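Notes follow once the structure below has been shown.
Quick note: the coordinates plus some simple rules give every number you see, no bench work behind them. None of these values were measured; they are calculated from a predicted model. Positions of Cβ are backbone-derived with ideal geometry, glycine not excepted, and every protein chain shown enters the neighbour counts.
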Amino acid sequence: MEYQLFMLHFSGGSKYSFNLFTDKLKDFFSLEPVELPGRGLRFDEDLIYDKEKAVTDLLLQIRKKRNEKPFILYGHSLGAELGFLITKELEKVGDFPSYLVVSGNPGPNMRDNQKLYEIPNPSFFDKLKELGGLPKEILESEELREIFEPILRADFEIIEKDTIINAEKIKSPIFALMGNEERTVDKVENWKNYTESSFDFNILPGNHFFIYENKDKICDILINCKAK
């Protein structure tokens, strides 16, 4: 049984969103990407619109996959917020991740009051383009926009409907990553307020999807977190 890396996707993502990371990470981790219903292998299942249900769904998958080895949780954007809440639940039963690694998210209680999931078309995708919050492949394809719109709206509702998160700190260390073009990059150190353990962060070049431009660097950070 190997050291595990659970990977939590962004809004509109799936378990396949981290495929580009596989080649470099497969020799260091048992890779365990999980996904919410309504996409990927779970495309035929009903979407989830509620944060608590989303946490419960992902937590059940993680618990089923857990072995006795140490593990890291890594989440991008939506996955970062859900990863923080999942870590709280795992710690309650004494199953502590070696690290919670978060990217593309300024941390709990820093979200503004905008409700992207309520914006009508075509303004919905115009706003996402402005925020850099969607891969260009989707923005430039009408067919893909039609497929992903209900998924995106559901995922945004999960994080935007209830913006207040319990300020209780986790005991696991946090490593935070942000792109230098993200509008909330200056708030990345907010994450240190939510752990009783160590905190570190890194700013990398790029917008909200800087993770793909910096794949090797992020893989190195995840591997280094394993080594600590």
To the nearest 10 degrees, the tilt of helix 215-227 (Cα long axis) against the first principal axis of the alpha carbons of the chain is 30
Cross-link pairs beyond the 29 Å C-alpha cut-off, checked among 136/226; 51/136; 129/171: 136/226; 129/171
Evaluate the Debye formula for the chain with equal point scatterers sitting on the alpha carbons, no solvent, and hand back log10 of I(q)/I(0) at q = 0.12, 0.14, 0.18 Å⁻¹, in q order, two decimals. -0.61, -0.85, -1.51
What is the extension gain from residue 129 to residue 146, computed as 0.36 nm multiplied by their sequence separation minus the C-alpha to C-alpha distance, in nm to one decimal? 4.6 nm
What is the magnitude of the charge dipole of the stretch 96-228 about its Cα centre, with +1 placed on the Cβ of each Lys and Arg, -1 on the Cβ of each Asp and Glu, and no other charges, expressed in debye to the nearest 20? 600
Fully extended, how many nm does the chain gain between residue 30 and residue 223 (0.36 nm per residue separation, minus their Cα-Cα distance)? 68.3 nm
Helix 142-160 vs. the chain, principal-axis angle (Cα, 0 to 90°, nearest 10): 60
Please check the chain for the longest run free of GluC sites (Glu not before Pro) that are loop-located per DSSP (anything but H, G, I, E, B) and have at most 16 other Cβ atoms within 10 Å. 69-139
Taking the chain as the reference, fit the longest principal axis to its C-alpha atoms, fit the long axis of helix 51-65 to the helix C-alpha atoms, and give the angle between the two in degrees, 0 to 90, nearest 10. 40
If amide H atoms are modeled at 1.01 Å from N in the peptide plane, then the residues at a separation of 5 or more from residue 8, or on another chain, having amide H under 5 Å from its own are 74, 75, 76
Computed about the Cα centre, the charge dipole of the stretch 1-105 from +1 Lys/Arg and -1 Asp/Glu charges at the Cβ has a magnitude in debye, to the nearest 20, of 140
Which of the listed residues, 147, 124, 167, is farthest toward the dipole's positive end in the chain, when Lys, Arg count +1 and Asp, Glu count -1 at the beta-carbon? 167
Residues meeting the amide H criterion for residue 201 (H placed from the backbone, H to H distance under 5 Å, 5 or more places apart or on another chain) are 176
Taking 8 Å as the Cα distance limit and 6 or more residues as the minimum spacing, I'd like the relative contact order of the chain as a percentage. 21
Scalar couplings 3J(HN,Hα) for the stretch 191-199 by Karplus 6.51 cos²θ - 1.76 cosθ + 1.60 (θ = phi - 60°), nearest whole Hz, x for Gly and Pro, are 4, 5, 6, 10, 9, 8, 9, 6, 9
